[in-house]
Each structure stands twice: as structure tokens, then as C-alpha cells.
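Here is the structure we will look at.
The values are calculated or read from the model by the stated rules, or taken from the named source; none is laboratory data. Keep in mind that what you see is a predicted model, and the values were worked out from it rather than measured. Here Cβ is always computed from backbone atoms with ideal geometry, including for glycine, and neighbour counts include all displayed protein chains.
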Amino acid sequence: MSDGNESPASQDHDTTRTDAMPDPDMQCAGFRQARLARKTALIEDYVELIDDLLNDGQEARQVDIAARLGVSQPTVAKMLVRLEADGLVTRRPYRGIFLTEAGHDMARQSRERHHTVERFLRALGVSEANARIDAEGMEHYVGTETLDAFRHALDAGLADFLESSLKNN
């Protein structure tokens with residue numbers, strides 16, 4: 001018989017664990033993917049920004065990149081050395097920074113991921129400003145299967161469905 005002073009843990013507690021640890025291989029793959037995404041996120045941000053500056057008719061200069069990313073020029077200089085070594089950019093004295101074909105491909109893919117994530121967030125009712133900011137962070141961590149699911153849901157009319165269901169409630 002209970003005196004009412006039992007801790008919640010000792011009361012009728014369901015011992016079936018619904019949040020069981022994932023399979024070790026699956027967990028390892030998830031952590032590996034997250035580490036890789038963190039490593040490539042910064043590179044993709046630089047490449048996408050350089051592409052944006054060039055597409056806007058501006059020169060991609062170290063000073064402009066530093067200002068837009070909120071980092072120091074020496075930080076940008078170090079990253080540009082890495083991007084050049086990775087074959088993503090070329091630098092021409094007094095002419096700025098340019099993307100290689102591989103750099104253009106990376107920028108395009110990153111922009112497509114960003115656009116898909118942003119559209120998905122907007123379909124969920126997230127404001128335009130927050131969707132843009134959140135998509136900037138999320139785009140690097142969303143896998144291909146998830147992006148395909150986002151695209152499929154959007155193509156199937158997710159935004160219209162959610163909008164009509166919100167109006168009906």
C-alpha cells in the first residue's frame with residue numbers, strides 16, 4: 001500500500017524502454033556523418049558566398065568575405081589557401097577570387113540544398129526570415145534521403161495541405 005510519498009520512479013513505471021540505444025554501427029554512421037558535415041559546412045559557406053558575390057556582379061575579395069562572414073581577414077586568408085589547395089578557388093593578384101568548376105558545382109549543390117530546406121520550413125509555417133537563417137545551418141546536416149523526402153513532400157503539395165489544415169482548425 002502506498003503512503004503517497006513514493007518517488008515517481010518507484011510508482012507503476014513501465015520498464016519497456018522506447019528510447020533504446022541505436023545499433024552501434026548505425027550510431028557510428030550518424031556521428032561520422034555529423035563530423036563530416038561540420039568539416040564541410042565552413043567550406044561550403046565560403047564557396048557559396050564567393051559564388052553569390054560573383055553572381056551579384058561584385059568582386060570576391062578577402063575583405064568582403066571577412067565582412068560578410070563576420071571573421072577576420074587572416075581567417076579568410078587561411079581558408080582561401082585551403083580552398084585553393086582543394087581545387088575550389090583560384091586567386092589572381094589584384095583581380096580577386098574565382099571559383100573553379102568544382103567550386104561552382106559545390107556552390108550550386110549547397111544552394112539547392114539550402115533552397116529545399118528553406119522551402120520545407122516555409123511550408124511548415126516558419127517565417128521567411130527564420131526559415132532563411134535556420135536553413136543556412138541545417139542545409140549542411142541534412143542527408144540525401146531526407147532532402148529527397150522534403151522535395152517529395154513539397155512536390156506532393158505539403159504547403160497547400162498544411163495551409164488548408166491550419167485554416168480548418
*asked:* For the range 78-102, which positions are out of contact with any strand residue (DSSP E or B) (no Cβ under 7 Å at 6 or more places or on another chain) and within 15 Å of Leu49 (Cβ to Cβ)?
replied: Met79, Arg82, Gly96
*Identify, from the list Val89, Val126, Val117, the residue that is under 21 Å from Leu42 (Cβ atoms), surrounded by 13 or more Cβ atoms within 10 Å (Cβ to Cβ) and in contact with an Asp or Glu (Cβ under 9 Å, 6 or more places away or on another chain).*
Val117
*Residue list for the range 130-169, filter: of a type in the set (A, V, I, L, M) and over 21 Å from Leu42 (Cα atoms)*: Ala149, Ala153, Leu154, Ala156, Leu158, Ala159, Leu162, Leu166
_Being of a type in the set (Asp, Glu) and over 13 Å from the mean Cα position of the chain (by Cα) is the filter here; which residues of the range 120-162 pass it?_
Glu128, Glu145, Asp148, Asp155, Asp160
*Name, by its number, the condition in (1) assigned to a helix (DSSP H, G or I); (2) touching a helix residue (DSSP H, G or I) at 6+ places or on another chain (Cβ under 8 Å); (3) of a type in the set (S, T, N, Q) that does not hold for Gln109.*
(2)
*Looking at the range 77-85, is at least one residue at pLDDT below 90 and either surrounded by 13 or more Cβ atoms within 10 Å (Cβ to Cβ) or over 15 Å from the mean Cα position of the chain (by Cα) (or both)?*
no
